[in-house]
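Take a look at the structure set out below.
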Amino acid sequence: MEQMTELTKKVLEFLEPDTSKWEYWTTSQPLNSISESACMERFKKRIAQAVSNCEKVIVAGDYDCDGISATTIMVSGLRQLGLECGFYIPDRIKEGYGLSEATVTLAHKKGYSLIITVDNGIKSTQALALAKELGMDVIVTDHHTMDEEVNCDIVVHPTLMESCFETLCGAGVAYECMRVLGVDNDYLLQLAGLASISDMMIVKGQTRALIQNALRLMNQTHEKHIFSLATDRELNETSIGFQVVPKLNAIGRLSNLANANNVVRYFLAQDDKSIFTLGQQITQINTIRKQLSDQMQKTALMKCKGNEDIFMIEDASFHEGIIGLVAGSICASFNKPCIVLAKNEQGYKASMRSPEGFNCMDFLGEYPHFVTFGGHENAAGFSLNLNEFDLFEKFIYTRIKEYTYSVKKKNTLVIDDEELSLKTIQSLDILRPFGPGFVFPSFEIVHPKIKSLYDFQNHKHRKYTLESGLQCMRFNQSEAEYKKSVNAIYSFIGTVQINQYQGRKQVNFVIDEIVYA
């Protein structure tokens, strides 16, 4: 710790005022001992029984990065034990989330005697009841909130394990299952780390250890499945989150164009040809996803009236797999709650995103006619019947008038722009991984000494160059911001990036917000 730069100390003190804990945050953590919890012992015993009886096992997964990684980990490990192990991930649009009665029925017809869910299952009440009725055993491995007893044979869940495992994602739970069985390996560890980053888990305990060890292995081995989807040649949790995770999530989002089960096949593939071919397909689908997102966002922005307290946007062209991304983008741009809806033959699918301080579940909870409804404080998803739109719209605009909330002021770390050099930014790597529970701070440069500015892409973006030489990038500036006087700027709030171009590395400050005096 004596070798820490002043900037590193400043960031660490901002995130962790208790200096007695600094060693934890600056030290690479080994994996915790294998879980000896009762649920893991029951899991181990049931799998041994399946091996002994040559049972057919099916793994029921989920269509996001965590669910895909968890499915791959579980299938790969069980096949190492010699089990005949199939898998199925549902179609997000046609089938929705979680284990369904249709999947249970089909698995039973095909002779599967044991179902193992990964990253789902806790809320699959009807499907679990059917499995029991058909005489099938079910092991639920999940990390989502467990409010009531789960009607299955075995539940493996972080809250039933030792405290160091309480922050695990679905793939993290699956990986611990493989450790108990003795079939874990470096590749499965990397998938668990990848999923932990993607699912935005709290970076403490075993999750922190998983991410740290996974990233070390990735950069040592340049694991082909992961690096085929990345552009950087060295990865950290940020580059994984921006370059790899969106490509994997795009497959589930565009389930009318692609099949998430093929991503599991991609991660299970051993030969270079299959990896290359499937990897190209994943990248192509993500390109389509970006094009759709951009178009939907443009349409949504045209429908936004800046004086509204909440945005409710619906358009016939919207794709239901992408509405959450658009709602998040609009919410971030205006710092106001946003609901985006897509219409289909059955009704409307909708996503809501809100700024810190605005509780989506509390706001929406009084509406009595949802077909489906779920989420958390800053993000919710729901569906409506076709004839409900006008009624719901009236509810929203009435509710917002009576709903009081206060947007939380961003807690920033004030720094001098001269502190931001390549060396000092790289020195922050000792604190990685950053994430929930240890979030990289927003830096604030007060009274920036602006030497010059340059607008590009028809003044959509702006580059400020400071007297220190630091380049500050403002992307997607509003028309109002474009017209404001530079002399009125009080501070820049944002984050730092190291960009590489033609072999040369450069520090950029990416502006999230401009504060005016």
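The values are calculated or read from the model by the stated rules, or taken from the named source; none is laboratory data. Everything quoted here is computed from the prediction, not taken from an experiment. As a convention, Cβ positions derive from the backbone with ideal geometry for all residues, glycine included, and neighbour counts pool all protein chains shown. These accessible areas exclude ligands, DNA and RNA; they are computed on the full protein's heavy atoms, side chains included. Shrake-Rupley method; radii C 1.70, N 1.55, O 1.52, S 1.80 Å.
Within segment 240-297, being part of a helix (DSSP H, G or I) and touching a Gly at 6+ places or on another chain (Cβ under 6 Å) holds for one residue alone: R253. Mind checking which residues of segment 484-499 are at pLDDT 90 or above and not aromatic (F, W, Y)? Answer for segment 484-499, where residues must be at pLDDT 90 or above and not aromatic (F, W, Y): K484, S485, V486, N487, A488, I489, S491, I493, G494, T495, V496.
Number of residues in segment 101-123 that are hydrophobic (A, V, I, L, M, F, W, C), part of a strand (DSSP E or B) and under 22 Å from the mean Cα position of the chain (by Cα): the value is 1.
The condition (being basic (K, R), surrounded by 13 or more Cβ atoms within 10 Å (Cβ to Cβ) and over 22 Å from C331 (Cβ atoms)) is satisfied by just one residue among K451, K484: K484.
Close contacts from segment 290-302, counting a first residue that is over 14 Å from E320 (Cα atoms) and a second that is of a type in the set (K, R), with Cβ to Cβ under 9 Å and a gap of 6+ residues or different chains, come to none at all.
Note on segment 66-94: residues that are within 21 Å of the chain's Cα centre (by Cα) and more than 30 Å from A214 (Cα to Cα) amount to 1.
This table checks each residue for (1) at pLDDT below 95; (2) surrounded by 13 or more Cβ atoms within 10 Å (Cβ to Cβ); (3) in contact with a Cys (Cβ under 9 Å, 6 or more places away or on another chain); (4) of a type in the set (F, W, Y).
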position: F395; (1), (2), (3), (4): no, yes, no, yes
position: S406; (1), (2), (3), (4): yes, no, no, no
position: N411; (1), (2), (3), (4): yes, no, no, no
position: K423; (1), (2), (3), (4): yes, no, no, no
position: P433; (1), (2), (3), (4): no, yes, no, no
position: E444; (1), (2), (3), (4): no, yes, no, no
position: Q457; (1), (2), (3), (4): yes, no, no, no
position: T465; (1), (2), (3), (4): no, yes, yes, no
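Name the single residue that is nearest to V326 (Cα to Cα) among those in segment 196-231 being open to solvent by 60 Å² or more (accessible area, probe 1.4 Å) and touching a residue at least 60 places away in the same chain (Cβ under 8 Å). Going through the qualifying residues, I end up with M200.
If a residue has to be open to solvent by 20 Å² or more (accessible area, probe 1.4 Å), under 20 Å from Y97 (Cβ atoms), within 18 Å of the chain's Cα centre (by Cα) and at pLDDT 95 or above to count, how many in segment 232-284 make the cut? Even if it seems obvious, please write down each step before you answer.
To start, the set of residues in segment 232-284 that are open to solvent by 20 Å² or more (accessible area, probe 1.4 Å) comprises 232-234, 236, 238, 241-243, 246-247, 249, 253, 256-259, 262, 265, 268, 270-274, 276-278, 280-281, 283-284.
Those still in the list that are under 20 Å from Y97 (Cβ atoms) too: 246, 249, 253, 256-259, 262.
Adding the requirement that they be within 18 Å of the chain's Cα centre (by Cα) leaves 246, 249, 253.
Still in the running and at pLDDT 95 or above: 246, 249.
The qualifying residues number 2.
Just to be sure before I move on: is V150 outside any helix (DSSP H, G or I), among the β-branched types (V, I, T), modelled with pLDDT under 95 and open to solvent by less than 50 Å² (accessible area, probe 1.4 Å) in the structure I sent? Yes.
The conditions of being acidic (D, E), open to solvent by 60 Å² or more (accessible area, probe 1.4 Å) and farther than 17 Å from I58 by Cα are not met by E176.
The residue pairs whose first member lies in segment 459-485 and is part of a helix (DSSP H, G or I), whose second member is of a type in the set (D, E, K, R), and whose beta carbons are closer than 8 Å, counting only pairs six or more residues apart or on different chains, are E481/R474; Y482/D455; Y482/R462.
Among the residues of segment 488-514, write down those that are among the aromatic types (F, W, Y), over 13 Å from S442 (Cβ atoms) and surrounded by 12 or more Cβ atoms within 10 Å (Cβ to Cβ).
Taking segment 488-514 first, the residues among the aromatic types (F, W, Y) are 490, 492, 501, 509.
Of the ones still in play, those that are also over 13 Å from S442 (Cβ atoms) are 490, 501.
Once the filter is applied, which keeps residues that are among the aromatic types (F, W, Y), over 13 Å from S442 (Cβ atoms) and surrounded by 12 or more Cβ atoms within 10 Å (Cβ to Cβ), segment 488-514 yields only Y490.
Go through segment 74-100 and give me each residue that's under 17 Å from N249 (Cα atoms) and either outside any loop (DSSP other than H, G, I, E, B) or of a type in the set (D, E, K, R) (or both). Break it down stepwise before answering.
Going through segment 74-100, the residues under 17 Å from N249 (Cα atoms) turn out to be 88-98.
If the condition is that a residue be under 17 Å from N249 (Cα atoms) and either outside any loop (DSSP other than H, G, I, E, B) or of a type in the set (D, E, K, R) (or both), then Y88, D91, R92, K94, E95 are the ones that fit.
The residues in segment 341-382 that are part of a strand (DSSP E or B), farther than 16 Å from I93 by Cα and modelled with pLDDT of 90 or more can be counted, and the count is 4.
Pairing each residue of segment 81-100 that is at positive phi with any residue that is open to solvent by 30 Å² or more (accessible area, probe 1.4 Å) and part of a loop (DSSP other than H, G, I, E, B), provided the two are 6+ apart or on different chains, yields C-beta distances under 7 Å for G98/K123. A single member of D62, D66 is assigned to a helix (DSSP H, G or I), surrounded by 23 or more Cβ atoms within 10 Å (Cβ to Cβ) and touching an Asp or Glu at 6+ places or on another chain (Cβ under 8 Å), and it is D66.
Within segment 345-353, is even one residue touching a residue at least 60 places away in the same chain (Cβ under 8 Å) and closer than 21 Å to L292 by Cβ?
Keep residues of segment 345-353 that are touching a residue at least 60 places away in the same chain (Cβ under 8 Å), which gives none.
Scanning segment 345-353, I find no residue that is touching a residue at least 60 places away in the same chain (Cβ under 8 Å) and closer than 21 Å to L292 by Cβ, so the answer is no.
Looking only at residues that are among the polar types (S, T, N, Q) and either in contact (Cβ under 8 Å) with a residue 24 or more places away in the chain or touching a helix residue (DSSP H, G or I) at 6+ places or on another chain (Cβ under 6 Å) (or both) in segment 153-168, which one is least open to solvent (accessible area, probe 1.4 Å)? First the steps, then the outcome.
Going residue by residue through segment 153-168, those that are among the polar types (S, T, N, Q) are 159, 163, 167.
Subsequent filtering for residues that are either in contact (Cβ under 8 Å) with a residue 24 or more places away in the chain or touching a helix residue (DSSP H, G or I) at 6+ places or on another chain (Cβ under 6 Å) (or both) retains 163, 167.
On the way: S163: 90, T167: 19 Å².
My answer is T167.
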